[in-house]
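The values are calculated or read from the model by the stated rules, or taken from the named source; none is laboratory data. From a predicted model like this one, the values you see are computed outputs, not experimental measurements. Here the Cβ is made from the backbone with ideal geometry for all residues, glycine too, and neighbour counts use every protein chain on show.
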Amino acid sequence: MAQTQQQQKLCFVSVGATAEFPALINTALSADFLSALQSQGYTELLVQYGEDGKDAFDGLMKQAQSGVESSGLKVSGFALDKAGLGRYMRRAKGGSKTMLPGVVVCHAGSGTILDALRTAVPTIVVPNSALLDNHQAELAEALSEQQYVIHGKLDNLGHALQEAEKLRQRQKEWPPVNAGMQRQGKGLKGILDEEMGFLD
């Protein structure tokens, strides 16, 4: 009799390639966030910690060792992937017999957000407040208001994880939640008629 593979669920965390964001790594490895992941059935936490983040990641992993062990999560990290982050985001999207839909948690860099949106995986965007200007916060707020992403905060990432599950459900609705007022209430037939040019 063939043994069935255990289903996996991935939380992929990305800090981007250029600016350090140790606070996001620290929060991702916190006991509270690990517990939130465990309670929602996650099996793996993968952290892209950036070009200069290896020492910070290794140090935080040592501090979080007991929390990681008690969570039962597989936790690992890497610096950069010159081929991009798409394959990790696609893994987080899930959709196979062995891979359940997961989540992406990322800094509010426009390139990373666009990659996540293209993959159509629920995304929690966490602005890096250590940067000089506030463009990341502005971008996170604007995309969150339009219901493309969840605007996450370092002090409440577990709550954002719950909101990401709600976003996943809303993304399955038709018309899309961010389709604009002109598409509200038309239903699938009305939208198809409009796209095909069959207007009353």
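What do you reckon, is residue 65 at negative phi and either at pLDDT 95 or above or among the hydroxyl-bearing types (Ser, Thr, Tyr) (or both)? In short, no.
Taking residue 72 as the residue in question, decide whether it is within 20 Å of residue 166 (Cα to Cα), out of contact with any Phe, Trp or Tyr (no Cβ under 6 Å at 6 or more places or on another chain) and exposed (fewer than 13 other Cβ atoms within 10 Å of the Cβ). No: the conditions fail for residue 72. Among residues of region 126-140 that are modelled with pLDDT of 80 or more, those with a Cβ under 6 angstrom from a residue that is among the polar types (S, T, N, Q) and not in a loop (DSSP other than H, G, I, E, B), sequence gap 6+ or separate chain, pair up as 127/136; 128/136. Of all residues in region 3-23, those satisfying the criterion of being under 16 Å from residue 113 (Cα atoms), in a loop (DSSP other than H, G, I, E, B) and not hydroxyl-bearing (Ser, Thr, Tyr) are 15, 16, 17, 19, 21. If residue 158 satisfies all but one of (1) out of contact with any His (no Cβ under 8 Å at 6 or more places or on another chain); (2) under 28 Å from residue 82 (Cα atoms); (3) among the small types (Gly, Ala, Ser); (4) surrounded by 14 or more Cβ atoms within 10 Å (Cβ to Cβ), what's the number of the condition it fails? Against the list (1) out of contact with any His (no Cβ under 8 Å at 6 or more places or on another chain); (2) under 28 Å from residue 82 (Cα atoms); (3) among the small types (Gly, Ala, Ser); (4) surrounded by 14 or more Cβ atoms within 10 Å (Cβ to Cβ), residue 158 comes up short only on (2).
Restricting attention to region 95-107 and to residues that are of a type in the set (A, V, I, L, M) and either crowded, with 24+ Cβ neighbours inside 10 Å or in contact with a Phe, Trp or Tyr (Cβ under 8 Å, 6 or more places away or on another chain) (or both), the residue that is farthest from residue 8 (Cα to Cα) turns out to be 105.
Pairing each residue of region 46-69 that is touching a residue at least 12 places away in the same chain (Cβ under 8 Å) and in a helix (DSSP H, G or I) with any residue that is surrounded by 12 or more Cβ atoms within 10 Å (Cβ to Cβ) and among the aromatic types (Phe, Trp, Tyr), provided the two are 6+ apart or on different chains, yields C-beta distances under 7 Å for 56/49; 57/49.
When the test is whether a residue is out of contact with any strand residue (DSSP E or B) (no Cβ under 9 Å at 6 or more places or on another chain) and at pLDDT 90 or above, residue 194 does not pass it. Restricting to region 150-191, and then to whatever is of a type in the set (Val, Ile, Thr) and touching a Lys or Arg at 6+ places or on another chain (Cβ under 7 Å), can you tell me which residue is modelled with the highest pLDDT? In this case the residue turns out to be 191.
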